[in-house]
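To start, the structure itself, in structure tokens.
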Amino acid sequence: MESKKDYYEVLGVPRDADAKTIKRAFLKKARVLHPDVSDDPNAEEKFKEVNQAYSVLSDERKRANYDRYGDENGPAGFGSDYVDMSDIFNGSGFGINDIFDSFFGGGASGGAGARAARTRGRDMGIRLTVTLAEAAAGVTKTLAYDRLAPCDDCGGTGVAEGGHERTCDRCHGTGRVIEVQRTIFGQMQTQTTCPVCHGSGKVVDKPCETCGGQGRTPSRETVEVKVPAGVHSGQTIRVAGKGEAGVRGDASGDLVVSIEIAQDERFERQGDDLYTTVRVDALQAIVGTTVTVDGIMKGERVKVEVPAGCQYGQQIRVERRGMPRQGMISRGSLIAVVQVVVPTDLDKRQLLDIAGIVAERTLGEKNDSSPAETRAEEEGDSPARDEEAEHLAGERWSAPKNPFKDNRRKPRSRGKGGRR
């Protein structure tokens, strides 16, 4: 496996070089090795090495980790809190190479003149992910990103010491030239960007060697972004003047920070309300209880009053314990969704007590007939009576004979002189 090259050797600077020396060395090598201006077949790979070395040594944290551990991510390969370059322009792929394309005037259709005509700096976009707790309380984040910043050596003017900026003689400061051509249809006029000043209307007789007369150089910078309490995903925060620097002192663009809120393990946000689950013992759900849970704010404890007879999935609203409403002192609600859990750690005595209650309720259900059944019995229309009547109607019934009764008639005894 090929060993990683020393970043200081790649840039050709000593290990104690300051940030300005590192930047100058980087720009000097980048001008020579950029694929748009170099004929070296390995220019692209060399340029990537220079770019990687500068991205580490220009970042204070990464450089400190590299000097101490030999790796910009530290001993355990754990990265910093800074936003990765791949997040620039919302993951659209715009990165340091696009900055160099603008700086060196190559790599895009339309030619360098068309791009150079734009002297005001462009707005830049970047994503910032915060936790739900940070969005609730508000937070200040430090972001690191790459942009075209005002040149340190010329102060953003693009003019070296002893040089001057003057009006372009070709276009007389308009940035455009008109060409007249004779055709079979007569004379035709075409208006194009001035090839001398590239549309700026100004020329420099002695341009700065560091920035090439543009007044701006690629730079890795940091900016603090204040995220307000109650912010929602998709909202943007605009930091004025922290976008791309303008050409030779023209106005800089803005940095537009798009906020994303990471999913939380305990809460689900819907508007300004927060949903969370609360586990309640089944016996406690029967008689009612109070459950205390952690709120979204640091150190916040929220009491959830569970009513007697609470059912699984029942929602209990606690006012003013949700997300703060942005720009207001009020808050949304915390909505606790109850999950009833059957206890499995009851002892034998407790199980017998519960079994007794169940038996008593079961017996009561059997003894307590419905009003309709009671009325039917009173009116003789109960199911049992109907069954008895059907049985008696099916066959003729006769009383059983008495085996102890003699059906033969015996003669009466008569006395003398009596009749028969």
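The values are calculated or read from the model by the stated rules, or taken from the named source; none is laboratory data. Note that this is a predicted model, so its numbers are computed, not measured. Cβ atoms come from the backbone with ideal geometry, glycine included; neighbour counts cover every protein chain shown. In case anyone asks, the SASA skips ligands and DNA or RNA and just uses the protein heavy atoms, side chains included. Shrake-Rupley method; radii C 1.70, N 1.55, O 1.52, S 1.80 Å.
Structural remarks
- The set of residues in the stretch 236-256 that are farther than 21 Å from Gly212 by Cβ and surrounded by fewer than 24 Cβ atoms within 10 Å (Cβ to Cβ) comprises Thr236, Ile237, Arg238, Val239, Ala240, Gly241, Asp254, Leu255, Val256.
- A single member of Thr174, Thr210 is part of a loop (DSSP other than H, G, I, E, B), β-branched (Val, Ile, Thr) and in contact with a Ser or Thr (Cβ under 8 Å, 6 or more places away or on another chain), and it is Thr210.
- Residue in the stretch 137-152 that is farther than 20 Å from Lys242 by Cα, modelled with pLDDT of 95 or more, open to solvent by less than 20 Å² (accessible area, probe 1.4 Å) and among the aliphatic types (A, V, I, L, M) present: no
- Residue within the stretch 47-57 that is within 20 Å of Glu209 (Cα to Cα), more than 39 Å from the chain's Cα centre (by Cα) and of a type outside the set (Val, Ile, Thr) present: no
- Filter result for Glu224 (free of Cβ contacts under 8 Å to residues at least 24 places away in the same chain, within 27 Å of the chain's Cα centre (by Cα) and open to solvent by 80 Å² or more (accessible area, probe 1.4 Å)): no
- Single unsatisfied condition, Ala229 versus (1) in contact with a helix residue (DSSP H, G or I) (Cβ under 7 Å, 6 or more places away or on another chain); (2) surrounded by 19 or more Cβ atoms within 10 Å (Cβ to Cβ): (2)
- Of all residues in the stretch 230-279, those being part of a strand (DSSP E or B), under 16 Å from the mean Cα position of the chain (by Cα) and closer than 28 Å to Gln311 by Cα number 4.
- Where Ile286 falls short, out of the listed (1) over 25 Å from the mean Cα position of the chain (by Cα); (2) free of Cβ contacts under 8 Å to residues at least 24 places away in the same chain; (3) not in a helix (DSSP H, G or I): (3)
- Residue check: Gln189 meets all listed conditions (1) open to solvent by 60 Å² or more (accessible area, probe 1.4 Å); (2) in contact with a Leu (Cβ under 9 Å, 6 or more places away or on another chain) but one, namely (2).
- Considering residues of the stretch 41-52 that are modelled with pLDDT of 85 or more and open to solvent by less than 90 Å² (accessible area, probe 1.4 Å) only, the residue nearest to Ser219 (Cα to Cα): Asn51
- Qualifying residue in the stretch 160-171 (condition: modelled with pLDDT of 90 or more, open to solvent by less than 60 Å² (accessible area, probe 1.4 Å), under 49 Å from the mean Cα position of the chain (by Cα) and farther than 30 Å from Val256 by Cα): yes
- Set Arg248, Arg238, Arg216: member being touching a Leu at 6+ places or on another chain (Cβ under 8 Å) and touching a residue at least 24 places away in the same chain (Cβ under 8 Å): Arg216
- Pairs where the first residue, in the stretch 45-62, is among the hydroxyl-bearing types (Ser, Thr, Tyr) and the second is surrounded by fewer than 17 Cβ atoms within 10 Å (Cβ to Cβ), C-beta under 7 Å, 6+ apart: Ser58/Ala19
- Of the residues Thr277, Thr290, the single one that is farther than 23 Å from Ala137 by Cβ, of a type outside the set (Gly, Ala, Ser) and open to solvent by 50 Å² or more (accessible area, probe 1.4 Å) is Thr290.
- Complete set of residues in the stretch 1-39 that are outside any helix (DSSP H, G or I) and modelled with pLDDT under 85: Met1, Glu2, Ser3, Lys4, Lys5, His34, Pro35, Asp36, Val37, Ser38, Asp39
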